[in-house]
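See structure below.
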Amino acid sequence: MRSKGLLALVVVVLLLGMAGCAGCSAYNRMVEADEMVARAWADLQAQYQRRADLIPNLVRTVQASANFERETLEAVTNARARATSITLSVEDLSDPEKVRQFQEAQAQLSSALARLLAVAENYPQLQTTEAFRDLLVQLEGTENRIAVARRDYNEAVRRYNTLVRRFPTVLVASLTGFAPKQPFEAAESAQEAPEVEFDL
């Protein structure tokens, strides 16, 4: 009788130990996936910052061209100010509203830049300026890097969300505070790099 009780106790302890190990393993996998999202988000933010840093030089170069449309330059400057004023931490990536505001601001900046480049085509003397052409090449490269970083971020979020929603890791996630993250769903117009054409 005693040996049956002892055996039952050993079985319970072993089951609890295995459940604890499985829980620790699930937790560690979620931590790793969360870190991948954080790294991908930092890379994406760095590319957005690079683009924001190029804009003042682009605006100054364009301003040097006589009679350039002031309204277009102000729209770019204002869109840049709004885009750089909205910052998200990794914890904010679980808040759909904050992510939407960030995406909206970046899309407005992309749109303002596209308008600036379209208007710049009407200024042949600007198109031949070496500084302007260099800035356009840098901007195009940055837009391409943004597209790659956005794709990498979305893939990291997809893997993380799959992990925290899958059974049985969903149980560990709910107990330890791992919430799903929001992917970056930019508007179609924001998905494409601005067209840059040189009339040489």
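The values are calculated or read from the model by the stated rules, or taken from the named source; none is laboratory data. Quick caveat: nothing in here was measured; it's all calculated off a predicted structure. Positions of Cβ are generated from backbone atoms using ideal geometry, with glycine treated the same way; all protein chains shown enter the neighbour counts. Heavy atoms of the whole protein, side chains included, go into the accessibility calculation; ligands, DNA and RNA do not. Shrake-Rupley method; radii C 1.70, N 1.55, O 1.52, S 1.80 Å.
Using heavy atoms of the protein chains and a probe of 1.4 Å, the accessible area assigned to residue 102 is about 10 Å².
Sequentially through segment 138-143, phi angles give Karplus couplings (6.51, -1.76, 1.60; θ = phi - 60°) of 4, 5, 4, x, 5, 4 Hz, Gly and Pro residues having no value and appearing as x.
Along segment 106-120 the Karplus relation, 6.51 cos²θ - 1.76 cosθ + 1.60 evaluated at θ = phi - 60°, assigns HN-Hα couplings of 5, 5, 5, 5, 4, 5, 5, 5, 4, 5, 4, 5, 5, 5, 4 Hz to successive residues, with x for each Gly and Pro.
Ordering 98, 181, 4 by accessible surface, largest first, gives 4, 98, 181; the 1.4 Å probe counts only protein heavy atoms, with every chain in place. Sorted largest first by accessible area at a 1.4 angstrom probe radius, with every protein chain in place, the residues 48, 27 fall in the order 27, 48. Taking the Cα centre of segment 19-169 as reference, the dipole from Cβ charges on Lys and Arg (+1) and Asp and Glu (-1) amounts to some 320 debye.
Only Cα pairs under 8 Å and 6+ residues apart enter the sum, and on that basis the relative contact order of segment 19-169 stands at 41 percent. Potential lengthening of the chain between residue 8 and residue 100 amounts to 27.7 nm, from the contour at 0.36 nm per residue minus the alpha-carbon distance. Within the accessible area of segment 19-169, the carbon and sulfur atoms contribute 50%, probe 1.4 Å, all protein chains present. Site pair residue 84 and residue 175 shows an inter-label distance of 4.7 nm when each label is modelled 7 Å from Cα along Cα→Cβ.
Would you list 36, 30 from the most to the least accessible area, probe 1.4 Å? If you can, show how the numbers build up before the last one.
Values: 36 80, 30 0 Å².
The ranking, largest first, comes out as 36, 30.
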